[in-house]
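Beneath this line is the structure, given in structure tokens, with notes to follow.
The values are calculated or read from the model by the stated rules, or taken from the named source; none is laboratory data. Computed from a prediction, not measured in an experiment: that's the story for all the values here. All Cβ positions, even for glycine, are placed from backbone atoms using ideal geometry, and neighbour counts span all protein chains on display.
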Amino acid sequence: MNTKLVVSLAAALVLAILVPAGAGAVGVGKSCGGFFGPHCDADMFCQFKAPTCGRVDLRGTCARTPKACPNVTGPKLVVCGCNGETYANDCKRQQAGVSLAHKGKCQ
């Protein structure tokens with residue numbers, strides 16, 4: 001494993017343990033993510049630009065987590081989340097609080 005990656009992951013883990021949950025949380029449209037970036041407020045998630053999924057300390061933008069989604073499905077609506085799961089539509093992905101990897105099924 002790459003030494004720089006291991007050091008970065010260790011630093012992120014230390015911060016996750018030492019920084020209390022909710023500390024420095026930010027609202028809709030604000031910058032989030034990265035090793036040292038703020039977290040989003042409750043009922044929001046950090047949406048990264050597709051297909052980056054927040055890798056390499058990239059930043060995202062806080063987005064609201066939908067409370068309800070239409071039960072609309074179809075092959076053209078399917079999306080792949082950054083967690084490797086396929087969602088029936090983009091709203092379902094957002095409801096799960098997961099960034100978009102790409103349109104279509106996950107491989």
- Message: I'd like to verify a number: residues in the range 66-95 that are part of a strand (DSSP E or B) and not polar (S, T, N, Q), how many?
- Response: 4
- Query: Conditions: (1) of a type in the set (A, V, I, L, M, F, W, C); (2) part of a loop (DSSP other than H, G, I, E, B); (3) in contact (Cβ under 8 Å) with a residue 24 or more places away in the chain. Ala63 meets all but one. Number of the miss?
  - Reply: (2)
- Query: Taking the range 38-67, which residues are more than 22 Å from Lys103 (Cβ to Cβ) and out of contact with any Cys (no Cβ under 8 Å at 6 or more places or on another chain)?
  - Reply: Ala42, Asp43, Val56, Asp57, Lys67
- Item | Residues located in the range 54-70, provided they are more than 13 Å from the chain's Cα centre (by Cα) and exposed (fewer than 15 other Cβ atoms within 10 Å of the Cβ) | Val56, Lys67, Ala68, Pro70
- Please list, ordered by first then second residue, the pairs with beta carbon atoms under 6 Å, 6 or more apart or interchain, first in the range 73-90 and farther than 16 Å from Gln47 by Cβ, second at pLDDT below 95. Ala88/Thr73
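Quick one: is Val72 outside the structural domain of Gln107 (by TED's automatic domain parsing) and of a type in the set (Val, Ile, Thr)?
no
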- Task: Answer yes or no: is there a residue in the range 78-93 that is within 23 Å of Cys32 (Cβ to Cβ), exposed (fewer than 14 other Cβ atoms within 10 Å of the Cβ) and outside the structural domain of Val28 (by TED's automatic domain parsing).
- Result: yes
- Message: On the basis of being of a type in the set (Lys, Arg) and modelled with pLDDT of 95 or more, does Lys103 make the cut?
- Response: yes
